[in-house]
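One structure, pasted below without further comment.
The values are calculated or read from the model by the stated rules, or taken from the named source; none is laboratory data. Here the structure is a predicted model, which means the values were calculated and not measured. Note that each Cβ is placed from the backbone with ideal geometry, even for glycine, and that neighbours are counted across all protein chains shown.
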């Protein structure tokens with residue numbers, strides 16, 4: 001496990017979540033990402049670090065943005081990337097997962113990037129394969145590269161994470177982005193708030209190290225960062241909130257609510273946005289305030305850094321077993 | 001047919017029903033307990049020197065799932081019977097969750113016949129309270145009881161419709177029959193995978209609120225009050241439900257309840273990193289609830305302990321948590337886990353044993369769970385102190401889904417007898 005460059009010490013075979021990472025490990029990933037931000041702005045974006053490596057994007061849930069971001073990251077590092085979309089509904093999910101893991105591991109990939117609709121599924125799969133696994137989102141559990149790209153965006157815009165007040169707003173209950181961000185921001189010394197109607201907050205969320213608000217004006221007061229979350233369509237009409245209209249009225253980010261935050265507060269969203277549901281369209285497009293496009297750019301760099309760091313931990317000899 | 005009399009000498013005789021705990025001998029003749037005294041002279045008998053080991057009534061496990069008929073690869077009557085006797089269980093009552101569902105007298109008779117054929121533990125069965133466990137139409141309770149059904153339950157599915165539950169209790173009372181309910185309001189538990197709280201929130205798993213239990217229990221207690229029907233509440237797991245049952249008993253309502261070892265031996269943290277072996281219904285609860293279960297056993301609010309043996313094969317458990325089957329097997333760990341309550345100082349030895357022998361037998365009206373002259377010689381001989389580690393791979397059960405692998409326990413079954421016949425011996 002210690003083969004590779006000792007200068008970069010990331011002592012994990014997989015990246016399954018933010019929970020369990022140390023501040024140094026996160027800083028290492030962010031520092032590494034920053035070098036790729038620069039590289040990605042050059043004409044020649046391509047490196048040969050992953051030459052000969054096979055990366056499989058294994059998505060059990062639809063995603064264009066995250067999959068594309070990982071695909072670009074792998075290709076820019078010179079790896080061979082293939083995409084596999086498995087329709088979760090076609091076969092019984094669990095059988096697909098284990099069977100697919102067994103099949104794929106026999107093809108000797110170096111990295112598996114996995115998204116799955118069930119919490120814990122990526123971890124389960126990681127136990128069955130010989131290669132490195134990156135969690136690209138599992139159920140409502142974790143989405144570590146999203147939290148890392150958010151952190152990188154904040155660091156580039158604010159210079160640091162320590163001590164910042166960050167409000168995460170919206171559907172916390174179902175959000176893996178929220179869980180990974182809460183973990184990362186706490187590890188890095190930021191102060192985290194969550195703002196949501198009570199039906200969209202999981203039980204005992206305060207135990208994860210957040211301050212809980214149910215009112216945007218109070219929750220956003222004096223914050224440096226506002227992270228808006230996507231509200232899934234199936235949760236908009238009467239199940240968790242009564243209507244889009246009511247949700248936007250109380251919890252949608254518009255200029256009036258934004259006024260409570262610091263004047264230079266940064267607006268973030270993991271995408272894809274529901275304009276007019278959780279965020280006002282003008283706010284989303286405000287180039288001075290919104291970091292939403294920059295987040296997407298950081299995403300590629302962060303994923304390159306993750307591939308870089310994890311493949312250094314792989315044995316260069318044939319994979320074990 | 002009549003075998004030679006069998007004399008157990010120098011045993012620690014334990015009978016919760018008569019509060020008996022003393023050194024002595026026990027003589028078996030014709031499958032029955034013939035004598036029970038400090039010293040018995042029986043020169044024609046085959047003699048077993050117990051050297052102070054405990055001799056108690058065989059365990060009565062009042063809630064077990066076997067998968068015969070329907071899924072014998074997970075647990076057959078034979079494998080379940082072997083697991084039972086290895087665990088000191090001499091009578092088990094199976095749930096009607098087979099395929100087909102036991103909601104017809106032919107199936108009750110099938111269980112009785114298979115139990116005789118297998119000849120290990122005595123296997124009795126509940127019948128479904130509603131046809132097909134669908135929660136709508138009552139089964140033929142009178143006829144089913146006459147055929148041998150011990151009581152009536154829809155097993156892991158609560159009878160959700162209050163009118164159906166009211167009629168079940170009311171109709172059952174006509175024949176003085178018992179209804180057993182899974183205490184969970186299904187609309188509150190829907191989609192949930194584990195106990196609601198910090199652990200579920202961290203894991204991103206949908207939680208089941210503990211309120212789902214108390215709401216169903218409170219409703220059912222009202223229906224008991226209204227109908228006078230006898231109700232047994234299965235596997236209580238929350239402090240609130242135990243409090244409600246405590247108050248109901250104080251008011252004199254005909255209600256009993258049990259819990260399963262996992263509700264006092266584990267809490268929700270056993271789920272750890274998505275350990276599907278710890279996925280069970282009702283879910284493992286908070287540490288507060290676990291302590292309330294222990295307190296409920298201590299003060300007698302909880303009458304009995306049942307294993308809730310729920311066998312599942314690897315394919316049903318090696319899945320993402322949400323897709324994995326619910327259930328823990330427990331026939332082979334019922335005794336040592338129950339004895340933890342004694343070894344940890346929560347219950348006296350007779351109280352602990354009573355919860356797995358006399359009390360479940362009394363709730364169900366079974367002629368079992370007693371050391372008494374004339375009673376069937378269904379016995380367990382065990383070493384109370386012997387330490388060992390639970391080894392899931394050594395289980396006789398065809399399924400291995402128990403979250404206890406490697407757990408150190410004390411108390412080991414040495415020998416199990418059913419009707420005076422040795423059906424298990426730890427020496428092989």
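Among the residues of segment B:278-313, how many are without any contact (Cβ under 8 Å) to a residue 24 or more places away in the chain and part of a loop (DSSP other than H, G, I, E, B)?
Total meeting the criteria: 1.
Out of all the residues in segment B:304-315, is one or more farther than 23 Å from residue B:208 by Cβ, at pLDDT 95 or above and buried (at least 23 other Cβ atoms within 10 Å of the Cβ)?
Yes, that holds for at least one residue.
With more than 14 Å from chain A (Cβ to nearest Cβ), touching a residue at least 24 places away in the same chain (Cβ under 8 Å) and part of a loop (DSSP other than H, G, I, E, B) as the only criterion, which of B:258, B:176 stands out?
None of the others qualify; the one that does is B:176.
Here are some conditions: (1) surrounded by 24 or more Cβ atoms within 10 Å (Cβ to Cβ); (2) out of contact with any helix residue (DSSP H, G or I) (no Cβ under 8 Å at 6 or more places or on another chain). Residue A:106 meets all but one. Which one does it not meet?
Result: residue A:106 passes all but (1).
Kindly provide the set of residues from segment B:73-101 that are closer than 29 Å to residue B:420 by Cβ and part of a loop (DSSP other than H, G, I, E, B), ordered by number.
B:75, B:76, B:87, B:88, B:95
Quick check, is residue B:67 assigned by TED's automatic domain parsing to the domain that holds residue B:332 and assigned to a strand (DSSP E or B)?
no
If a residue must be more than 14 Å from chain B (Cβ to nearest Cβ), surrounded by fewer than 23 Cβ atoms within 10 Å (Cβ to Cβ) and in contact with a helix residue (DSSP H, G or I) (Cβ under 8 Å, 6 or more places away or on another chain), how many such residues does segment A:163-186 contain?
Within segment A:163-186, residues that are more than 14 Å from chain B (Cβ to nearest Cβ), surrounded by fewer than 23 Cβ atoms within 10 Å (Cβ to Cβ) and in contact with a helix residue (DSSP H, G or I) (Cβ under 8 Å, 6 or more places away or on another chain) number 1.
I would also like to ask the following. Note down all Cβ pairs under 6 Å where the first residue falls in segment B:185-213 and is within 10 Å of chain A (Cβ to nearest Cβ) and outside any helix (DSSP H, G or I), the second is surrounded by fewer than 20 Cβ atoms within 10 Å (Cβ to Cβ) and modelled with pLDDT under 95, and they're at least six residues apart or on different chains.
B:206/B:191
Against the conditions (1) in a helix (DSSP H, G or I); (2) touching a helix residue (DSSP H, G or I) at 6+ places or on another chain (Cβ under 8 Å), where does residue B:316 fall short? Just the number, please.
All conditions are met except number (2).
Determine which single condition residue A:245 fails, assuming it passes every other condition in (1) more than 30 Å from residue A:38 (Cβ to Cβ); (2) within 24 Å of the chain's Cα centre (by Cα).
Unmet for residue A:245, out of (1) more than 30 Å from residue A:38 (Cβ to Cβ); (2) within 24 Å of the chain's Cα centre (by Cα): (2).
Taking only pairs six or more apart or across chains, which ones have beta-carbon atoms under 8 Å, a first residue in segment A:202-215 that is within 12 Å of chain B (Cβ to nearest Cβ), and a second residue that is exposed (fewer than 14 other Cβ atoms within 10 Å of the Cβ) and assigned to a loop (DSSP other than H, G, I, E, B)?
none
Moving on. Among the numbered criteria (1) closer than 18 Å to residue B:136 by Cβ; (2) free of Cβ contacts under 8 Å to residues at least 40 places away in the same chain, which single criterion is violated by residue B:170?
(2)
Can residue B:61 be described as within 30 Å of residue B:257 (Cβ to Cβ), assigned to a strand (DSSP E or B) and at pLDDT 95 or above?
Judged against the criteria, residue B:61 is a match.
Would you mention how many residues in segment A:119-148 are more than 8 Å from chain B (Cβ to nearest Cβ), assigned to a loop (DSSP other than H, G, I, E, B) and under 12 Å from the mean Cα position of the chain (by Cα)?
Count: 1.
Please indicate, with yes or no, whether at least one residue in segment B:319-342 is over 27 Å from residue B:422 (Cβ atoms), within 14 Å of chain A (Cβ to nearest Cβ) and free of Cβ contacts under 8 Å to residues at least 40 places away in the same chain.
Scanning segment B:319-342, I find at least one residue that is over 27 Å from residue B:422 (Cβ atoms), within 14 Å of chain A (Cβ to nearest Cβ) and free of Cβ contacts under 8 Å to residues at least 40 places away in the same chain, so the answer is yes.
Something else now. Check off (1) within 21 Å of residue A:38 (Cα to Cα); (2) surrounded by 16 or more Cβ atoms within 10 Å (Cβ to Cβ) for residue A:293 and give me the number that stays unchecked.
Here residue A:293 clears every test but (2).
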